[in-house]
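Trainee: Take this structure first; my questions come after.
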Amino acid sequence: MTNSPPRHRSPRHGSPPPGSPSHDAPPHGALLLPVLLTVQFLVSLDMSVVNIALPDMGTDLGFAPESLTWVVNAYALAFGGLLMLGGRLADLMGRRRTLVVGFVVFGVASLAGGLAQSPGQLVAARAVQGAGAAALAPVALALITVHYPAGPARARALGLWGASGALGGAVGIMAGGLLTDWVGWRSVMLVNVPVVLAALAATRPGVPADHRTTGAPRLDVAGALLVTAGTSALVLGLVRTESHGWASASTLATLAAAAVLLAAFCAVEIRGARRARQPLLRLGLLAHRPVASANVFALLMSSGQFAAFYFTSLYLQQVLAYAPTRAGAAFLPFCAGVVAGTAVATRAVGRVGERALLVAGGLLGAAGFAWFAATVEAGGTFVGSILGPSLVASVGIGLCFVPLGAAATSGVAPEETGMASGLLNSSRQLGGSIGLAVLVTVAASATGPGRGVAALADGYAAAFAVASGLLVAAALATAVLHGGRRALAGAPRTRPSPN
């Protein structure tokens, strides 16, 4: 690993790579951060906002019961499969250009979904939405890393970035209930359109222009095809386990295909590391311990966090018999806790470092989920079963976003921030898919043949207990793997030696 600053090269002249800042570039404007927060909020919102609207969608458009889940799965499949490609395209083609394209694709798909007249049209629109989100999500973190200097400014931006993602997921559940009850299911798709239009209007004046190079960028086509196909197959296999089962031939074949494709991707990247000018993922990036630990932490934390959202929603509606709007409102304490935890992390990360905050946040989140496991029962109440655990878990999760974003891009050269951002977002998305698939199986096993509310509560409690264990594992992995104390203190960026 070298400690010398990275050299920015273009094929003919010495101009910087697309989207990287230059010394003579004007400072970013006040609109940059709002645009980036809108990206993170929208991406997270649309992963959860349709859940409560699913029954109305199915009734109105005539979905078969077994195909309704594809409204959710189509988004997850396209989003998870294309994240690495989206992050790398931002590095090569320019971050503002990628942001504009992502907004346009996302907005058009949202409009098409809101106007859909058949199940196929809605599922296709959700898949295209996921593709647009895969272009947007990595750009937000990359632009924060490039345009906010290490120290308090970047800590604050990362804190707001993390909080906006968590709030998007929680608000999505609440907004889905409100919009479905008051306006109708189509509104959960159409509500994105004015938000996207406003973000597009702010992108040109707010996001710094991309720097052009005289030579055409070369994408690692083989790597892009393999990682997209492999990740998509992995997500597909995982999201179908609820209906097909883990031991079915379909599930096993899909997961085996994913393993083969991802192994081939790693082999291609290793063989071509010394020759490829713009690899999709330079595996040497993972030799940097903060980057590796951040991705392991993101994978494990998301496995528990995403599933906990899912089971909390089910518990509120199926056991406590909350209406959709009331169930959404029950997530407000979680939103407040995330904001509080993020505010603490923003102020503390420069003093205590990323590793300490990630370990503390992971353990506090685990304590909150363990509290859920102990109090989720058929006769539970909001105050006794939801309020306290929500606040503890959400403060812990809020503590993690600032150090997680900092560690994932620590020591990464500016021309590879999209790569690092795509990797982190992929880890989070895959973690969520893996965790939900595993914990749904855990809950079903603990529920047994009974379908009464007491049996359901027992299954959800078992899932929360496993989620708690996943966050403990995330904290322990970070304590072992994370080599540096802090990345926001202004340490020079380094580029690990090539493979």
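The values are calculated or read from the model by the stated rules, or taken from the named source; none is laboratory data. None of these values were measured; they are calculated from a predicted model. Every residue, glycine as well, gets a Cβ built from its backbone with ideal geometry; the counts of neighbours run over all protein chains shown.
Trainee: Please give the number of the condition Ala150 fails out of (1) modelled with pLDDT under 80; (2) surrounded by fewer than 17 Cβ atoms within 10 Å (Cβ to Cβ).
Mentor: (2)
Trainee: Inside segment 105-120, can you point out the residues that are part of a helix (DSSP H, G or I) and not aromatic (Phe, Trp, Tyr)?
Mentor: Val105, Gly107, Val108, Ala109, Ser110, Leu111, Ala112, Gly113, Gly114, Pro119, Gly120
Trainee: Residue check: is Ala307 of a type in the set (A, V, I, L, M), touching a residue at least 40 places away in the same chain (Cβ under 8 Å) and under 26 Å from Leu167 (Cα atoms)?
Mentor: yes
Trainee: From the list Arg428, Arg355, exactly one residue is in a helix (DSSP H, G or I) and in contact with a His (Cβ under 7 Å, 6 or more places away or on another chain). Which is it?
Mentor: Arg355
Trainee: Could you tell me which numbered condition Leu404 fails, if it satisfies all but one of (1) modelled with pLDDT under 90; (2) over 16 Å from the mean Cα position of the chain (by Cα); (3) in a helix (DSSP H, G or I)?
Mentor: Among (1) modelled with pLDDT under 90; (2) over 16 Å from the mean Cα position of the chain (by Cα); (3) in a helix (DSSP H, G or I), the lone unmet condition for Leu404 is (2).
Trainee: So in segment 314-330, with the set limited to residues that are farther than 16 Å from Ala444 by Cα and in a helix (DSSP H, G or I), which one is modelled with the lowest pLDDT?
Mentor: Step by step, filter segment 314-330, then rank; the result is Pro324.
Trainee: Output yes when any residue across segment 190-210 is at pLDDT below 85 and not β-branched (Val, Ile, Thr), and no when none is.
Mentor: Yes: segment 190-210 contains one or more residues that are at pLDDT below 85 and not β-branched (Val, Ile, Thr).
Trainee: Check off (1) in a helix (DSSP H, G or I); (2) modelled with pLDDT of 85 or more; (3) surrounded by fewer than 23 Cβ atoms within 10 Å (Cβ to Cβ) for Ala267 and give me the number that stays unchecked.
Mentor: Only one criterion in (1) in a helix (DSSP H, G or I); (2) modelled with pLDDT of 85 or more; (3) surrounded by fewer than 23 Cβ atoms within 10 Å (Cβ to Cβ) is unmet by Ala267, namely (2).
Trainee: Could you identify the single residue in Gly490, Gly469 that is outside the structural domain of Ser243 (by TED's automatic domain parsing) and at pLDDT 85 or above?
Mentor: Every option except Gly469 fails the conditions.
Trainee: In this structure, is Leu238 at pLDDT 80 or above and either surrounded by fewer than 19 Cβ atoms within 10 Å (Cβ to Cβ) or in a loop (DSSP other than H, G, I, E, B) (or both)?
Mentor: no
Trainee: Identify, by number, the condition in (1) part of a helix (DSSP H, G or I); (2) surrounded by 19 or more Cβ atoms within 10 Å (Cβ to Cβ); (3) modelled with pLDDT under 80 that Leu280 doesn't meet.
Mentor: Single failed check for Leu280: (1).
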